[in-house]
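The values are calculated or read from the model by the stated rules, or taken from the named source; none is laboratory data. Everything numeric in this text was worked out from a predicted model, so none of it was measured. Virtual Cβ from ideal backbone geometry, glycine too; neighbours counted across all protein chains shown. Protein only, heavy atoms only, side chains kept; ligands, DNA and RNA dropped before computing areas. Shrake-Rupley method; radii C 1.70, N 1.55, O 1.52, S 1.80 Å.
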Amino acid sequence: MRRLICLILPLLLAACSANSLRVQPATEWAQEAREFKAEAQVFQQVSQQVGEQARKECLRRSNVTNCEFTILVDLNPNAEANAFQTLDNEDQPVIIFTRALIESANNADELAFVMGHEAAHHILRHIPRQSRNARDSAAIFGELARLGGADGAGIEEAQRLGAEVGAQVYIKDFELEADQLGTIITYNAGYNPLIGAKYFDRIPDPGDQFLGTHPPNAQRVKMVKDTARQLGLTQ
């Protein structure tokens with residue numbers, strides 16, 4: 001899904017960049033309308049089952065210690081369909097779904113796949129890896145600017161550009177990695193990732209853009225199918 005990365009996010013008074021979020025735990029969320037294909041109870045059950053499997057997968061890896069997932073719903077009725085993973089003020093993983101994304105899901109499998117994908121971003125340490133890439137690239141661009149005779153402002157601008165480039169370089173790979181592990185988490189949680197990945201059929205295809213944030217949908221679907229096949233799942 002579209003990524004929105006904040007390194008610190010208090011759970012209830014969440015603020016990300018300049019945009020304030022009003023969030024509610026998935027276990028407490030209830031719909032006010034009937035347009036949702038997946039009922040609140042279904043979303044809560046998916047949150048519990050996927051959250052449990054994500055925690056198990058997280059704890060299984062020696063390089064990750066913060067594995068207590070919290071799943072929240074963004075209560076803003078005008079927020080576009082999106083889900084993202086961030087960290088709370090205790091460095092624990094948080095997954096946030098907008099109401100529009102929940103509304104757009106056709107079934108529990110799609111919700112589970114999106115949730116498993118976002119959980120995988122944390123387990124695979126994509127936030128610290130992206131931050132490290134940005135810092136390293138900023139340092140390289142800044143040094144090149146200095147060697148080229150740039151002054152303080154020029155070096156700062158080069159560092160800013162380098163950070164932007166560094167943050168984007170591997171982001172498509174991160175999405176595919178999260179699709180792969182997300183497929184496993186979805187399957188282990190009792191849902192069908194092949195059905196879940198049909199969500200890609202209804203979202204815009206980003207194509208293969210240079211420094212884009214997501215790989216082509218067909219490439220992502222192939223990753224899901226290949227991973228599902230290794231799990232013995234073909235339909």
Full-extension gain between residue 229 and residue 153, please, as 0.36 nm times their residue separation minus the C-alpha to C-alpha distance. 22.1 nm
If I ignore ligands, DNA and RNA and count only protein heavy atoms, how much of residue 56 is accessible to a 1.4 Å probe, in Å² to the nearest 10? 130 Å²
Mind checking segment 80-155 for GluC sites (Glu not before Pro) that DSSP puts in a loop (not H, G, I, E or B) and that have at most 16 other Cβ atoms within 10 Å? 80, 90
First select every other residue whose beta carbon is under 12 angstrom from the beta carbon of residue 115; then total the charges, Lys and Arg +1, Asp and Glu -1. -4
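So what's segment 107-165 giving for Cα Rg divided by 2.2 N^0.38 Å, two decimals?
Compared with the compact-globule rule of thumb, segment 107-165 sits at 1.72.
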Tensor-based shape of segment 62-146 (alpha-carbon gyration tensor, a/c under 1.5 rounded, otherwise prolate or oblate): prolate
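For segment 57-143, what is the percent of antiparallel DSSP beta bridges, rounded to the nearest 5?
If I count the DSSP bridges inside segment 57-143, around 50 percent turn out antiparallel.
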Hey, if you put +1 on the Cβ of every Lys and Arg and -1 on every Asp and Glu Cβ in segment 29-98, which of 94, 64, 29 ends up farthest toward the positive end of that dipole? 64
Please get the size of the charge dipole for segment 47-110, origin at its Cα centre, with Cβ charges of +1 on Lys and Arg and -1 on Asp and Glu, quoted in debye to the nearest 20. 240 debye
